[in-house]
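Step one of this worksheet: look at the structure below.
The values are calculated or read from the model by the stated rules, or taken from the named source; none is laboratory data. Note that the coordinates shown come from a computational prediction; the quantities given were computed from them, not determined experimentally. As a convention, Cβ positions derive from the backbone with ideal geometry for all residues, glycine included, and neighbour counts pool all protein chains shown.
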Amino acid sequence: MALAQKLAQFKNQQDRLQATLAKIPKPVPQAPSKAAASSSRKAPQPPPSATPVIPFAQRFSFQNDQEKLQQIATIRKSPVGAQIKRVLDLLLETRQSLLPEEINDLCFVDVKNNKDVFESLKSNVKVAFDGQRFAYKSKHDLKNKDELLVLVRKLPEGVPMGDLKDSYPGIAADVQELKASGKVWVLMNSDSQEDIVYPNDPKIVIKVDDDLKQLIRGIDTPREFMDVERELQKAGMKPATNSARREAMAGVPRSQIPKPQKKKRRESKRTKYTNAHLPELFKSIQVP
C-alpha cells in the first residue's frame, strides 16, 4: 500500500515537471532567406560550441518506476553527510540558485522535509542560503580571469590553488595563461605540496646597469667550501662545519674513527654504601 502511494506521488511530481516545462516558451524558428539558404548549401554550419547540459536526475537510467523509487529510498536513508555531498555536487555543477523542491527533483534529496539536511545546508560554508534558495558559495567570488588577477595582486602573500579551483569553471586554465604571460608566479609549497599563486607586480621590475652587472660578476667568490670556511674564520666567525676534518675522515675506516669519550660520573663524598656506622641497628639480628 505504501509503495502504491509513493508511486502515485512520484507520478504527480512528474506531471508537475512536465507542466512546468510546457510553460517555458520555445523559440520560433525563422524561415531562412535565399542568401542564407545558398550559403548553407555551400558550407555546412559548425555545431554549437556549448553542449547542452544533461540534468542531474536524467543521468540515472531506471528500467521501471519501482526501481527508481527504490533508488530514491536508498538515497534518503543514507547518512546526512552523504546527502549533503550529493547536494553540493549538484550546486557546484549547475551554479544556480535552487529551491528545495528543485533539489529534490534533480538529485532526489528531500531537503524540505529532512530537518537535519536542511539545517546542515544552511550552516555549510560552501552553501549560500537567501531564505528560499540554495546556491554554491566558493571562498572567492570570481567570475573571470580579470577578477582573478585583481585578487592575486591584492594578496602578495599568495593564494593557494585549493582556494581558487572551485571559483568558476576553467579557472585552472586561466591561472596557467596568467603564468605564461608573466603576470603571476605559481610555486609549490614545500610543506603542503600545494601550488601557491603569487602576483608578479610590474612595479618591482628593476633595470640594472651593465656596469653594475659586470662589477658583481667580476667578484671572485670561493669555489670550495673549505675556502668559504677560511674566509669566515678571517672575518672572526666560526663556521658551522669543518670540511677539512670531514675529508680527512672520509678515507678512514669507520671502526678507526675515534669516538667521543663519555665523562665518568663523579661520586659524591657523602655517598655511603653500608650501615656500618650504625652498629646498634644490628644488635638484635641473630645470624645462624
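Of note:
- Conditions (1) within 30 Å of residue 178 (Cα to Cα); (2) assigned by TED's automatic domain parsing to the domain that holds residue 9; (3) part of a loop (DSSP other than H, G, I, E, B); number of the one not met by residue 109: (1)
- Residue in the range 138-146 that is outside any loop (DSSP other than H, G, I, E, B), among the small types (Gly, Ala, Ser), at pLDDT 90 or above and within 28 Å of residue 85 (Cβ to Cβ) present: no
- Within the range 204-226, residues that are under 26 Å from residue 243 (Cα atoms) sit with their Cβ atoms under 8 Å from residues that are assigned to a loop (DSSP other than H, G, I, E, B), at 6+ positions apart or across chains, in these pairs: 225/241.
- Residues (of a type in the set (A, V, I, L, M, F, W, C) and within 30 Å of residue 156 (Cα to Cα)) located in the range 203-251: 204, 205, 206, 208, 212, 216
- Of all residues making up the range 202-242, the number that are touching a helix residue (DSSP H, G or I) at 6+ places or on another chain (Cβ under 8 Å) and surrounded by 11 or more Cβ atoms within 10 Å (Cβ to Cβ): 7
- Across the range 243-271, the qualifying residues are those that are outside any loop (DSSP other than H, G, I, E, B) and exposed (fewer than 10 other Cβ atoms within 10 Å of the Cβ), and the one among them that is modelled with the highest pLDDT is 245.
- The number of residues in the range 158-179 that are of a type in the set (Asp, Glu) and touching a residue at least 40 places away in the same chain (Cβ under 8 Å) comes to 1.
- Leading residue by the ranking (farthest from residue 192 (Cα to Cα)) among those in the range 131-146 that are surrounded by fewer than 16 Cβ atoms within 10 Å (Cβ to Cβ) and charged (D, E, K, R): 133
Results for (1) more than 17 Å from residue 5 (Cα to Cα); (2) basic (Lys, Arg), shown as yes or no for each residue.
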site: 69; (1), (2): no, no
site: 73; (1), (2): no, no
site: 87; (1), (2): yes, no
site: 98; (1), (2): yes, no
site: 106; (1), (2): yes, no
site: 115; (1), (2): yes, yes
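- Some residue of the range 226-236 being more than 44 Å from the chain's Cα centre (by Cα), modelled with pLDDT of 85 or more and of a type in the set (Lys, Arg): yes
- Of all the numbered requirements in (1) in contact with an Asp or Glu (Cβ under 8 Å, 6 or more places away or on another chain); (2) buried (at least 17 other Cβ atoms within 10 Å of the Cβ); (3) of a type outside the set (Lys, Arg); (4) outside the structural domain of residue 188 (by TED's automatic domain parsing), residue 161 misses one, and that requirement is (4).
- Any hit, the range 158-168, residues being within 30 Å of the chain's Cα centre (by Cα), assigned to a helix (DSSP H, G or I) and charged (D, E, K, R): yes
- Residues that are of a type outside the set (A, V, I, L, M, F, W, C), more than 23 Å from residue 92 (Cβ to Cβ) and out of contact with any strand residue (DSSP E or B) (no Cβ under 7 Å at 6 or more places or on another chain), drawn from the range 149-176: 154, 157
- Candidates 173, 180, filtered to the one that is under 19 Å from the mean Cα position of the chain (by Cα), loosely packed, with under 13 Cβ neighbours inside 10 Å and at pLDDT 90 or above: 173
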